[in-house]
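*Asks:* I'd like to ask you about the structure that follows.
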Protein chains: 4
Amino acid sequence: MHVIIDLCVVPLGVGVSVSEHVAACQKEIQASGLEHRMHAYGTNIEGPWDEVMAVVKRCHEVVHGMGAPRITTTLKLGTRIDRDQSMDDKVSSVERRLAD
Amino acid sequence: MHVIIDLCVVPLGVGVSVSEHVAACQKEIQASGLEHRMHAYGTNIEGPWDEVMAVVKRCHEVVHGMGAPRITTTLKLGTRIDRDQSMDDKVSSVERRLAD
Amino acid sequence: MHVIIDLCVVPLGVGVSVSEHVAACQKEIQASGLEHRMHAYGTNIEGPWDEVMAVVKRCHEVVHGMGAPRITTTLKLGTRIDRDQSMDDKVSSVERRLAD
Amino acid sequence: MHVIIDLCVVPLGVGVSVSEHVAACQKEIQASGLEHRMHAYGTNIEGPWDEVMAVVKRCHEVVHGMGAPRITTTLKLGTRIDRDQSMDDKVSSVERRLAD
């Protein structure tokens, strides 16, 4: 099962700046080799369900390993079985309609 | 790693009523034996990370198996390593403050 | 436009415990007179769009007023124009299917 | 109060493809003149709270106006009072750490 997710990991109890922890998650995501795009409020990742979810788990492990006592993560997960659709397909499908 | 999640599975392409699909997810959650509480916009589930995430995956598999071509799920995931905290602890901790 | 929301306000930069800030939000929600139900990962609120969204804004104002430098909130918003449906209707519609 | 949001509007009861409705939301967002960036699972928007939330409401009105009987939206909302931070600041702050 192919999945496109939007992942936003928020460490609590580490002060107001969280960019160090977000960067550590980005490194995990990059190391996974999965397609991904960071935006201002999370990161889109796509790939096989188990691989993608393993990255989400590693993000929690890494951020706790950096000393964050608590994490609250928001995740959107999209699957479809009617046809293949990549992250880029989703964006270009909307952009084509906007261009019409 | 213990996790408390809030799960909201939304099937697309099945019409406007989704209660049949939500009920099928509830049955998967019940069958898991994990602690859970349904509310009007999702279901809280708690337990070991891998068991909880296996239920989320089964919900997608079951809902696709019922014919839904597409699913978009929203998930919150909370972990903490400073102390144990159950779903009921979270609620009662706020209720104690409200009672003060 | 009637809306059912699920609101989860997370203050950053205030330490690991956030129940004091969540309780302050609950007081704002109660003061609004809107129907609401707290669960372990947020609060369901229903009512007219503008009234409900005004409460969300006041939660941010109150939590910043308590000294939280940063807030990240997760919100789900459900509207429908085909028929009236309350939070309790949503839950009982799933429960009826589970009982069958 | 300045806010950065991540908005994902999902119409129900309109079939499996939702790009027409998402494009209509994009037009509303563009018409608002607010800074925004679309990604594969939503759109980041920033600006004054009331202006941003007015766009969210118009998205629901427009999508219902196109015939969607039901909408479920996921929204993240970030505010901070310790300093100004734009969407681009958030991304570049993580990218600087990744480059180190």
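*Asks:* Please compute the net charge surrounding D:Gly13, taking Lys and Arg as +1 and Asp and Glu as -1 over other residues with Cβ under 12 Å from its Cβ.
*Replies:* +2
*Asks:* Further, regarding this structure: Among chain B residues, which Cβ is nearest the axis of the B-onto-A rotation, and at how many Å?
*Replies:* Residue nearest the B-to-A axis, with distance in whole Å: B:Leu75, 2.
*Asks:* Say a paramagnetic label sat at a point 7 Å from the Cα of A:Asp82, along Cα to Cβ; which residues of the range B:1-27 have their backbone N under 13 Å from it?
*Replies:* Those under the cut-off are B:11-16.
*Asks:* Okay, next question. Too long at a 30 Å Cα-Cα cut-off: which of A:Lys90/B:Lys90; C:Lys27/D:Lys90; B:Lys27/D:Lys57; A:Lys57/D:Lys90; B:Lys57/C:Lys27?
*Replies:* Flagged as over cut-off: A:Lys90/B:Lys90; C:Lys27/D:Lys90; B:Lys27/D:Lys57; B:Lys57/C:Lys27.
*Asks:* Tell me, for chain D, which Cys residues have no other cysteine's C-beta sitting closer than 4.7 Å.
*Replies:* Isolated Cys, chain D: D:Cys8.
*Asks:* How do the peptides A:28-38, A:48-58, C:35-45 rank, highest first, by the average count of neighbouring beta carbon atoms within 10 Å per residue?
*Replies:* The most tightly packed comes first, giving C:35-45, A:48-58, A:28-38.
*Asks:* Distances from C:Glu35 to the same residue in each other copy, label points 7 Å out along Cα→Cβ, in nm, shortest first?
*Replies:* Counterpart label points of C:Glu35 in the remaining copies fall at 2.8, 4.0, 4.2 nm.
*Asks:* Under a plain spin-label model, where a point goes 7 Å from the Cα along Cα-to-Cβ, how far apart in nm are B:Asp89 and C:Glu61?
*Replies:* If labels sit at B:Asp89 and C:Glu61, their model points lie 3.5 nm apart.
*Asks:* List the residues whose amide H sits under 5 Å from the amide H of D:Leu12, counting only those 5 or more places along or on another chain, with H placed 1.01 Å from N in the peptide plane.
*Replies:* Distant-sequence amide H within range of D:Leu12: D:Arg70, D:Ile71, D:Thr72.
*Asks:* Ignoring any ligand, DNA or RNA, what whole percent of the accessible area of the range D:2-99 comes from carbon and sulfur when the probe is 1.4 angstrom?
*Replies:* Carbon-and-sulfur percentage of accessible area, whole number: 48.
*Asks:* Return the value, in Å² to the nearest 100, of accessible area buried between chains B and A (probe 1.4 Å, both sides summed).
*Replies:* Chains B and A together bury roughly 2200 Å² of accessible area.
*Asks:* Restricting attention to the alpha-carbon atoms of chain A, what are Rg (one decimal) and Dmax (integer), both in Å?
*Replies:* 14.9, 50
*Asks:* Run through the other copies and list how far each one's label point is from that of B:Gly65, in nm with one decimal, shortest first; the point sits 7 Å from Cα along Cα-Cβ.
*Replies:* With the label placed 7 Å along Cα→Cβ, B:Gly65 yields 3.5, 4.3, 5.1 nm.
*Asks:* Next up: Taking a point 7 Å out from Cα toward Cβ as the label site, list the nm distances between C:Glu95 and the same residue in every other copy, smallest first.
*Replies:* When each copy's label point is compared with this one, the spacings are 1.7, 4.9, 5.1 nm.
*Asks:* Could you compute the FRET efficiency for A:Arg96 and A:His2, with r as their C-beta to C-beta distance and R0 at 25 Å, rounded to 0.05?
*Replies:* Computed FRET efficiency for A:Arg96 and A:His2: 0.70.
*Asks:* Taking a quarter of the surface of the Cα convex hull of the protein assembly as shown, what do you get in nm²?
*Replies:* Taking the Cα atoms of the protein assembly as shown, their convex hull projects to 18.1 nm² on average.
The values are calculated or read from the model by the stated rules, or taken from the named source; none is laboratory data. None of these values were measured; they are calculated from a predicted model. Heads up, the Cβs are rebuilt from the backbone with ideal geometry, glycines too, and the neighbour counts pull from every protein chain shown. Remember, those area values only see protein heavy atoms, side chains included, never the ligands or the DNA or RNA. Shrake-Rupley method; radii C 1.70, N 1.55, O 1.52, S 1.80 Å.
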